[in-house]
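*Asks:* Take a look at the following structure, please.
The values are calculated or read from the model by the stated rules, or taken from the named source; none is laboratory data. The structure presented is a predicted model; accordingly, all values stated were derived computationally and were not measured. For neighbour counting, all protein chains shown are included, and Cβ atoms are generated from backbone atoms with ideal geometry for every residue, glycine included.
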Amino acid sequence: MFVSCGITMANLKDIKNRIQSVQSTQKITRAMKMVAAAKVKKAENTVKLSRPFTGELVSMFKKLLDSVGNYSAQGLKIKSAIDNYPELLQVREIKTVGLLVITSNKGLAGAYNANIIRKTLQTIKDYKAQGINTVLFIVGQKGVSSLKRKCKELNCEIAKTYFEAANSPTPEGASLIIEDIAEYFVSHKIDKIEVITTRFKNMMSYFVENWDILPLQNLGEAEEKLHDNVLDPLMEFVPNMHSILQKVVPMYMTNILYQSLLEAQASELASRMTAMSAATSNAEKMISELSVVYNKTRQFAITQEIIEVVSGANAQLG
């Protein structure tokens, strides 16, 4: 190897290979930065456009719950757990909490996934200290690979994993996840569900947050931040309040999850763009430093050759 100071005996070929290796890496990081930059603007716009609708839905849903009063499944056609809104509205003693953890499928996004994993592990430990079990629903390959080993140590269960939703969030994908969660809740396998996600702030920052989804009466602070509007307290239900709630509850749950997926995607892309920008700059600095070392080494080698030639000539003349 070589030392970047004074006269060095480093091999020129090794230094040249090292420079070429860093240049190749720099091309990759620059390309990833450009791809992330192209995607993050679209993701940012999608998040900002979806927030007003989510805020209105949350506000309307809270008003709806306040207006209905008692809930009953009598007379309702219940085909799946997501249709059983009276059970989903029940607040019961919490023995097991389901954590829906949203990570990415790809790495090279700075500390994005590490921050989410750290928050998840701390949440598991906090519940464990209260004597409450945890069951994990994980979105993203990075979350699965990181939490699989940790769950064995902390004695928590990974119930379901989802990969497609991490690449391209869609309402349909969010609906499939919500159906699984509702099934676990209605069957009393879990008594509460939280989403651990990131809230996108801007291109340079995001926040890791816990959002409450179930039970539905326990609306978390994350939803509160999404709206400032208050609806008219007078509501009319057609055909009746129970039919309306049966439609609105799945819509509400799916939209909250879809919003969290959009926020996570924008945060991930922004974090990757920042990380790749820093990596590209660091590669440029390293290439510059290696070039200086290469030139010094080359000059040293030439000087040594000249000294050897002159010394040989002097020896012959002497």
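*Asks:* Any residue in segment 1-29 that is farther than 14 Å from A301 by Cα sitting within a Cβ distance under 6 Å of a residue that is loosely packed, with under 12 Cβ neighbours inside 10 Å and at pLDDT 50 or above? List the pairs, counting only those 6 or more apart or interchain.
*Replies:* As it stands, the answer is none, since no pair meets every condition given.
*Asks:* Continuing with this model, one more query. Quick one: in segment 41-68, of everything that is among the aliphatic types (A, V, I, L, M) and modelled with pLDDT of 90 or more, which residue is farthest from T170 (Cα to Cα)? Break it down into steps so the answer makes sense when it comes.
*Replies:* First, the residues of segment 41-68 that are among the aliphatic types (A, V, I, L, M): 43, 47, 49, 57-58, 60, 64-65, 68.
If we keep only those that are modelled with pLDDT of 90 or more as well, we get 43, 47, 49.
Values: A43: 12, V47: 12, L49: 15 Å.
Selected residue: L49.
*Asks:* Could you list all residues from segment 86-100 that are over 13 Å from I193 (Cβ atoms) and touching a Phe, Trp or Tyr at 6+ places or on another chain (Cβ under 7 Å)?
*Replies:* Correct list: P86, L89.
*Asks:* Restricting to segment 32-49, give me the number of residues that are surrounded by fewer than 17 Cβ atoms within 10 Å (Cβ to Cβ), farther than 19 Å from A279 by Cα and hydrophobic (A, V, I, L, M, F, W, C).
*Replies:* Within segment 32-49, residues that are surrounded by fewer than 17 Cβ atoms within 10 Å (Cβ to Cβ), farther than 19 Å from A279 by Cα and hydrophobic (A, V, I, L, M, F, W, C) number 1.
*Asks:* Answer yes if at least one residue in segment 83-99 is within 20 Å of D212 (Cβ to Cβ) and under 17 Å from the mean Cα position of the chain (by Cα), and no otherwise.
*Replies:* Taking segment 83-99 and keeping what is within 20 Å of D212 (Cβ to Cβ), we get 84-99.
The next check asks that each one be under 17 Å from the mean Cα position of the chain (by Cα); those that pass are 99.
Yes, the conditions are met somewhere in segment 83-99.
*Asks:* Right, something else. Looking at segment 111-123, can you tell me whether even one residue there is outside any helix (DSSP H, G or I), within 14 Å of the chain's Cα centre (by Cα) and either modelled with pLDDT under 90 or hydrophobic (A, V, I, L, M, F, W, C) (or both)? Lay out the reasoning, then the answer.
*Replies:* Let us first name the residues in segment 111-123 that are outside any helix (DSSP H, G or I), namely 111.
Filter again for within 14 Å of the chain's Cα centre (by Cα), leaving 111.
Keeping just the survivors that are either modelled with pLDDT under 90 or hydrophobic (A, V, I, L, M, F, W, C) (or both) gives 111.
There is at least one residue in segment 111-123 that is outside any helix (DSSP H, G or I), within 14 Å of the chain's Cα centre (by Cα) and either modelled with pLDDT under 90 or hydrophobic (A, V, I, L, M, F, W, C) (or both).
*Asks:* Out of the residues in segment 50-72 that are in contact with a Phe, Trp or Tyr (Cβ under 9 Å, 6 or more places away or on another chain) and among the hydroxyl-bearing types (S, T, Y), state the one that is surrounded by the fewest Cβ atoms within 10 Å (Cβ to Cβ).
*Replies:* Taking the candidates together, the pick is S67.
*Asks:* Pick from L136, L216: which is surrounded by 14 or more Cβ atoms within 10 Å (Cβ to Cβ) and modelled with pLDDT of 95 or more?
*Replies:* Values: L216 fails: modelled with pLDDT of 95 or more.
From the options L136, L216, the qualifying one is L136.
*Asks:* Next question, about the same structure. Provide a single number: the residues in segment 279-318 that are closer than 30 Å to A109 by Cα and not charged (D, E, K, R).
*Replies:* Start the filter on segment 279-318 by keeping residues that are closer than 30 Å to A109 by Cα, which leaves 279-291.
Narrowing the set further to residues that are not charged (D, E, K, R) leaves 279-283, 286-288, 290-291.
Of the residues in segment 279-318, 10 are closer than 30 Å to A109 by Cα and not charged (D, E, K, R).
*Asks:* Give all pairs with beta carbons closer than 6 Å in which a residue from segment 302-318 that is charged (D, E, K, R) meets a residue that is surrounded by 10 or more Cβ atoms within 10 Å (Cβ to Cβ) and part of a helix (DSSP H, G or I); count only pairs at least 6 apart in sequence or on separate chains.
*Replies:* If the second residue must be surrounded by 10 or more Cβ atoms within 10 Å (Cβ to Cβ) and part of a helix (DSSP H, G or I), no pairs are left.
Rundown of residues vs (1) modelled with pLDDT of 85 or more; (2) part of a helix (DSSP H, G or I), yes/no style:
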{"residue": "E209", "(1), (2)": "yes, no"}
{"residue": "N229", "(1), (2)": "no, no"}
{"residue": "I244", "(1), (2)": "no, yes"}
{"residue": "P250", "(1), (2)": "yes, yes"}
{"residue": "N282", "(1), (2)": "yes, yes"}
{"residue": "S288", "(1), (2)": "yes, yes"}
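*Asks:* From (1) within 25 Å of F53 (Cβ to Cβ); (2) surrounded by fewer than 19 Cβ atoms within 10 Å (Cβ to Cβ), pick out the condition that doesn't hold for N255.
*Replies:* (2)
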